[in-house]
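The values are calculated or read from the model by the stated rules, or taken from the named source; none is laboratory data. Keep in mind it's a predicted model, so treat the numbers as computed, not measured. FYI the Cβ positions are ideal-geometry reconstructions off the backbone, even for glycines, and counts take in every protein chain you see.
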Amino acid sequence: MVLSTLDWVIIVFFLILFAGIGIFVSKQAGKDTKSFFLSSRNMPWWLLGVSMVATTFAADTPGLVTELVRTNGVSGNWVWWAMLLTGMLTVFFYARLWRKSGITTDLEFYELRYSGKTASFLRGFRAIYLGVIFNIITMAGVCLAGAKIANILLGISQEEMLLYASIIVVVYSTLGGLKGVLITDFIQFIIAMVGSIWATIYIVNIPEIGGIENLLINENVVDKLAFFPDFSNTEALITLLIIPLAVQWWSTWYPGAEPGGGGYIAQRMLAAKNEKHATWATLFFNVAHYAIRPWPWVVVGLASIVVFPNLNSISETFPNLTKQMQGHDVAYAAMMTYLPAGLIGIVLTSLIAAFMSTISTQLNWGSSYIVNDFYKRFLKPEATDKEQVLVGRISTVLLMLCAALFSFYLQSAADVFNLLLQIGAGTGLLFILRWFWSRINPYSEIAAMVISFLIAVFFFVNGKLDTPMVTIAGHWQLVLGVVITTFGWIIVTLLTQPTDAKTLATFNALIFGNESKFKGFGNKTISFFCGVFGVYALLFSIGSFIYGNTLKGFVLLVITTVLGIIIYKLNKF
């Protein structure tokens, strides 16, 4: 499609704004590592919470939701809706603990909680494993999604898109540090929400759809509207609901939904003014991420089924799509081609912003691992703050380059999602228990990491073979990975010695003080369940209003309000 002058003005204006923010805060961000990676630990909850939401709104997220809706209906989203339980666990049990630790990155936790050379090795290895390998895989998926959008809406190649977008995002990430990322995240979130909601309203009312009422009764859509899978369809029930709710949420490690908190979510909590702000930020993130934001993508996904009922209709409409780029996830970008001048500029800006907010966060988070947990810890302990910031900026550029190159080896958002889930399968329970179970030691973590990674590599390679060595459905691969990895690290834990008593005592004194580590578990547990049911009630309340079920929508909204009041009273926010 051809963009108007107005569209280009909107896009260029915001690109210049994002780069300008990085330049504006660069002097303050470059003072020391705490300024660059944690913005001096004085950030308010609302800015951190919005940043968490903006980061998880990647360029591949609308495509992933669209793909899930097209293949399994609205209920297909339970594969990630179930992760709300992980998020609420972090809110009420771990947010305060992370902020109390006072560390710079969550990897410092290893030498705070464990002792000896194995703890040091674990910290250094995880810095490369997560900060480089895992991080590059995540960013590569985002790069691929951005390339698909650019190919459909702008007609440019994957190489061109990555070159242009990477330059801007690297500029403000390398100059502005976390503060630059947080400020741009805030602006990008507003643009993204305005763009996605406005675009959804417009698309629903194009002649091909004919309004929300016609969409909901369309023969291609009517069997995909249910919030829950068909309980008479055993396979769908197990795949979409039972495994995510019974196994996946507590057992798998996934960026942005780490059991017990971690990664860039932990980075935001560590940058908060205090424990209260850390908790509020994480709570806001979970409400916005799981309940408020998904519906525009869901509705566009449903609309895409009417306009592009199958993959052939997409490939025929967009013949320049390479075989690698074809898939149900491109349907979201395909629907954006129906937008008028001006609105398409805003939506494109929002998608570019989504790409940049995620990539910039991953870059800053990944480089913090490289600098704080590898370079300074093992290569040059005497490095000055300025030198560390320089290394952080160099590693930011290199991470971006590697992610862009690796994106050419991926095919769809769902592929990346499933690969990351499989790599983290079975490690989640360890991250939940390590704060409270003193038996867990560095060998437990090493065992979990190695076993889960080897299983994931085996299934990934096996799936690429013309004649697979074993044939197991993807959801059972996940369960098998969880079972083997969990039993593996628990056995290793019981066969090895726990961390020495002095280190454990120091850790417990710092995190829990003189109080029992299980103090307030009753209120926290009640708050956890209220939070889970409250957010799900809000999610389905919004869905009910969209579906025209006003009474059901109001009832669910009242339930959300009551549960919110209970949470407030129990936690004295």
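Here are some notes:
- For region 135-151, the condition holds for at least one residue, the condition being that it is over 17 Å from the mean Cα position of the chain (by Cα), surrounded by fewer than 22 Cβ atoms within 10 Å (Cβ to Cβ) and modelled with pLDDT under 85.
- Single match in ARG126, ARG96 (criterion: more than 20 Å from SER251 (Cα to Cα) and in a helix (DSSP H, G or I)): ARG96
- Test set (1) of a type in the set (A, V, I, L, M, F, W, C); (2) at pLDDT below 90; (3) touching a strand residue (DSSP E or B) at 6+ places or on another chain (Cβ under 7 Å) - LEU311 fails condition number: (3)
- In this structure, LEU494 does satisfy being of a type outside the set (Lys, Arg) and surrounded by fewer than 15 Cβ atoms within 10 Å (Cβ to Cβ).
- All conditions in (1) in contact with a helix residue (DSSP H, G or I) (Cβ under 7 Å, 6 or more places away or on another chain); (2) more than 30 Å from VAL483 (Cα to Cα) hold for LEU419, with the sole exception of (2).
A quick yes/no check of all residues on (1) at pLDDT below 75; (2) farther than 17 Å from ALA19 by Cβ; (3) among the charged types (D, E, K, R); (4) part of a helix (DSSP H, G or I):
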residue: ALA165; (1), (2), (3), (4): yes, no, no, yes
residue: VAL171; (1), (2), (3), (4): yes, no, no, yes
residue: VAL181; (1), (2), (3), (4): yes, no, no, yes
residue: ILE187; (1), (2), (3), (4): no, no, no, yes
residue: VAL194; (1), (2), (3), (4): no, yes, no, yes
residue: ILE197; (1), (2), (3), (4): no, yes, no, yes
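- Subset of region 350-369 (residues that are under 30 Å from LYS117 (Cβ atoms) and either surrounded by fewer than 24 Cβ atoms within 10 Å (Cβ to Cβ) or polar (S, T, N, Q) (or both)): GLN362, ASN364, SER367, SER368
- Residue list for region 336-394, restricted to those being closer than 30 Å to PHE14 by Cβ and outside any helix (DSSP H, G or I): THR337, TYR338, LEU339, PRO340, ALA341, GLY342
- Subset of region 494-522 (residues that are in a loop (DSSP other than H, G, I, E, B) and without any contact (Cβ under 8 Å) to a residue 12 or more places away in the chain): GLY513, ASN514, GLU515, SER516, LYS519, GLY520
- Qualifying positions in region 99-123 - outside any helix (DSSP H, G or I), over 30 Å from ALA291 (Cβ atoms) and either of a type in the set (S, T, N, Q) or touching a Gly at 6+ places or on another chain (Cβ under 9 Å) (or both): THR104, SER115
- The listed residue being over 19 Å from PRO381 (Cα atoms) and free of Cβ contacts under 8 Å to residues at least 40 places away in the same chain, out of TYR114, TYR94, TYR164, TYR129: TYR164
- Residue in region 232-255 that is assigned to a helix (DSSP H, G or I), surrounded by fewer than 19 Cβ atoms within 10 Å (Cβ to Cβ) and either of a type in the set (D, E, K, R) or at pLDDT 95 or above (or both) present: yes
- Qualifying position, being buried (at least 20 other Cβ atoms within 10 Å of the Cβ), at pLDDT 60 or above and under 23 Å from VAL170 (Cβ atoms), among PHE18, PHE24, PHE37, PHE13: PHE18
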